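The values are calculated or read from the model by the stated rules, or taken from the named source; none is laboratory data. Quantities reported herein were computed from a predicted structural model and do not represent experimental measurements. All Cβ positions, glycine included, derive from the backbone under ideal geometry; neighbour counts span all protein chains shown. Note: areas computed on protein heavy atoms with side chains; ligands, DNA, RNA excluded. Shrake-Rupley method; radii C 1.70, N 1.55, O 1.52, S 1.80 Å.
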Amino acid sequence: MDVVLRNVHDSDLPVFFRQMNDPEALWMAAFTPKDPADREAFDAHWKRVRASADVLRTILVDGDVVGSAAVYGEPGEREVTYWVDRAYWGRGVATAALRGLLAEVPERPLYARAAADNTGSRRVLEKCGFRLTATATGFANARGEEIDEVVMTLRG
């Protein structure tokens, strides 16, 4: 399995939109847009982030678009995020993609947040060197309630 990162193309966006509307993936991610089915809001979000200085990448597996990965935010507070199609969960794709992204972005510290019960995402972050540094609660749109979350940090 060949995992590659590349710049986001316009043709990736319909795939990202479909992936973001998988009910099981939404539940696991928890902290999602208020209405992931709102295509207009999705398009506006991607237009805004693609015009920013954020690092945005499409994740490819054997040439197929399977997700996205990004580093965003203000210097000193930048966070990583990633989304991998559920069909590829548990196959090392998120870990490989995050490692590739971290190699592109040398600045540290970097932060990540995940639902406390999202053990898969927490494990990906740990494999890439992130360590638990805080816990919090936040409103999870995908679950319609406040849930526990973890804050993880990657230091130099």
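A quick yes/no check of all residues on (1) within 14 Å of the chain's Cα centre (by Cα); (2) surrounded by 18 or more Cβ atoms within 10 Å (Cβ to Cβ); (3) part of a strand (DSSP E or B):
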| residue | (1), (2), (3) |
| --- | --- |
| ASP12 | no, yes, no |
| ALA25 | yes, yes, no |
| ALA41 | no, no, no |
| ALA44 | no, no, no |
| ARG57 | yes, yes, yes |
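Give the residue, chosen from ALA112, ALA134, that is under 21 Å from VAL49 (Cβ atoms) and among the hydrophobic types (A, V, I, L, M, F, W, C). Quick ask: steps written out before the conclusion?
Numbers: ALA134 fails: under 21 Å from VAL49 (Cβ atoms).
ALA112 is the lone residue from the list that is under 21 Å from VAL49 (Cβ atoms) and among the hydrophobic types (A, V, I, L, M, F, W, C).
Close contacts from region 1-21, counting a first residue that is farther than 17 Å from VAL93 by Cα and without any contact (Cβ under 8 Å) to a residue 60 or more places away in the chain and a second that is outside any helix (DSSP H, G or I) and among the small types (Gly, Ala, Ser), with Cβ to Cβ under 7 Å and a gap of 6+ residues or different chains, come to ASN21/ALA37. Taking the numbered list (1) of a type outside the set (Asp, Glu); (2) part of a loop (DSSP other than H, G, I, E, B); (3) in contact with a Leu (Cβ under 7 Å, 6 or more places away or on another chain) in turn, VAL150 passes all entries but (2). Scanning region 117-128 for residues that are free of Cβ contacts under 8 Å to residues at least 60 places away in the same chain and either out of contact with any helix residue (DSSP H, G or I) (no Cβ under 8 Å at 6 or more places or on another chain) or open to solvent by 40 Å² or more (accessible area, probe 1.4 Å) (or both) gives ASP117, THR119, ARG122, ARG123, GLU126, LYS127.
Within region 78-94, the residues that satisfy the criterion of being assigned to a helix (DSSP H, G or I) and either surrounded by fewer than 19 Cβ atoms within 10 Å (Cβ to Cβ) or over 13 Å from the mean Cα position of the chain (by Cα) (or both) are ARG86, ALA87, TYR88.
Hey, can you tell me all the residues within region 53-101 that are aliphatic (A, V, I, L, M) and modelled with pLDDT under 95? If you could, list the steps in order and put the result at the bottom.
In the first step, residues of region 53-101 are kept if they are aliphatic (A, V, I, L, M); the result is 53, 55-56, 59-61, 65-66, 69-71, 80, 84, 87, 93-94, 96-98, 101.
Selection gives ALA53 alone.
Determine if region 133-149 includes at least one residue that is open to solvent by 90 Å² or more (accessible area, probe 1.4 Å) and under 15 Å from the mean Cα position of the chain (by Cα). Taking every residue of region 133-149 in turn, none turns out to be open to solvent by 90 Å² or more (accessible area, probe 1.4 Å) and under 15 Å from the mean Cα position of the chain (by Cα). The number of residues in region 95-141 being assigned to a strand (DSSP E or B) and hydrophobic (A, V, I, L, M, F, W, C) comes to 9.
On the stretch given as region 103-118, residues that are within 22 Å of GLU145 (Cβ to Cβ) and touching a Leu at 6+ places or on another chain (Cβ under 9 Å) total 2.
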